[in-house]
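The values are calculated or read from the model by the stated rules, or taken from the named source; none is laboratory data. For clarity, every value in this text was computed on a predicted model and none was experimentally measured. Positions of Cβ are generated from backbone atoms using ideal geometry, with glycine treated the same way; all protein chains shown enter the neighbour counts. SASA here: full protein model, heavy atoms, side chains in, ligands and nucleic acids out. Shrake-Rupley method; radii C 1.70, N 1.55, O 1.52, S 1.80 Å.
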Amino acid sequence: MTEYEDNQDRAVTLRYLLSGEADAYLAQRADRVACVIGFGSNPVAATKSGFPVLWVDTPVLGSGAAYEVWTTGKPVSRYQDDLIAGSGNEDIFFGRILLKNDQAGNFSDATFRAFSGIFEFLQRGDYPSLIRVWNYFPEINAMENGLERYRSFSLGRHEAFVHYQAKIEDSPAACALGSHGGGLAIYFLAARTAGMKIENPRQVSAYNYPTQYGPRSPTFSRATLAFREQGQTLFISGTASILGHETVHPASVGLQTLETLENIRAVIGQAILKGFAPVNFATDMALKVYVRNAEDFAEVMGVIQREFGTPADLIVLQADICRTDLLVEIEAVCWNRAG
Ligand code: 3EB
């Protein structure tokens, strides 16, 4: 069996594990497990070890199901209110929200409710800083009440930011992907101390996108640089083949992958200007890859291997992406060697 040697100096650590590996890992980490997400087409229920799992209905390419497991260096306690379930310690908090389809109603209203819950949690004061948010919901590109569901999502999210007077430039790192079912699933990382928001000089900031992409712009930053006192961590948002605000290479998944990796390099470059250290991809980077069409798996993986080598951890999911002309999206977490 694999011995996992997590770096205990990290405020949070991430592993992507196959179903068969997850239980032993979770049992070993016990009260250091902060969040467990299960990906796969069949419901991924609570693990044998009893940890609650947020199931996201997306096929895992290259295997049946997989877990994303976040652990911390310090023990966590469980939290539950009427919307958010989660775990936190003195530094960080992971929260999960699941709005089932039949609770949704108008999708921008449902999104507004979910983000209002997050902002009210933040405003209670224990964890005031929103570092990273992951968003998954079905039919992301479908029209509903005259608006594409991704745009309804962006509208409801934006209205929550305005309502709670969150500064748009202080938006968290994020991603928003189309699952195959299962309602609006959101998980987020909040922290006691603020992170530094990073933008990409090759791209218009998403919160400044023109209205051709929807009536309200998406509220996310390209990355958050967090935990400056504990060996910094860089949370890179879902990143795609976008230059300025426009999709480039709409017809080529290979070129889209290459452009996406250039954008990730550019974001890491900006973080280095702000004090982050150059990243060793083989030991200190976790990549999560979303491909729209399963048949593109090999080509996307080929480009990643050629450009980035074999990152420390990797998962590939089949998911719809928020613009119909985008074929691939990649997010990353990078750690700085402590010290
Ligand atoms: C982009 O760069 C691609 O709406 O939260 C990436 C990351 C994207 C986050 C979001 C959307 C989001 O615009 C799409």
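Of note:
- Total residues in segment 301-339, condition more than 16 Å from the ligand (Cβ to nearest atom) and either closer than 30 Å to residue 231 by Cα or free of Cβ contacts under 8 Å to residues at least 60 places away in the same chain (or both): 22
- Any hit, segment 248-255, residues being closer than 29 Å to residue 299 by Cα and within 11 Å of the ligand (Cβ to nearest atom): no
- Residue match in segment 173-192 (condition: buried (at least 21 other Cβ atoms within 10 Å of the Cβ) and in a loop (DSSP other than H, G, I, E, B)): no
- Residues that are of a type in the set (Ser, Thr, Tyr) and within 21 Å of residue 182 (Cα to Cα), drawn from segment 20-56: 41, 47
- Verdict on residue 86 being outside any loop (DSSP other than H, G, I, E, B) and more than 19 Å from residue 186 (Cβ to Cβ): no
- The set of residues in segment 105-148 being open to solvent by 20 Å² or more (accessible area, probe 1.4 Å) and assigned to a helix (DSSP H, G or I) consists of 109, 112, 113, 120, 123.
- For segment 261-274, the criterion of being closer than 15 Å to residue 331 by Cβ, open to solvent by less than 20 Å² (accessible area, probe 1.4 Å) and polar (S, T, N, Q) is met by at least one residue.
- Scope segment 208-246; condition more than 9 Å from the ligand (Cβ to nearest atom), in contact with a strand residue (DSSP E or B) (Cβ under 8 Å, 6 or more places away or on another chain) and open to solvent by 10 Å² or more (accessible area, probe 1.4 Å); matching residues: 215, 228, 231, 232, 243, 244
The rows are residues; the columns are (1) touching a Phe, Trp or Tyr at 6+ places or on another chain (Cβ under 8 Å); (2) open to solvent by less than 20 Å² (accessible area, probe 1.4 Å).
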position	(1), (2)
24	no, no
32	no, no
47	yes, yes
53	yes, no
74	no, no
89	no, yes
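- Count - residues of segment 138-151 that are under 20 Å from residue 318 (Cβ atoms), of a type outside the set (A, V, I, L, M) and within 11 Å of the ligand (Cβ to nearest atom): 1
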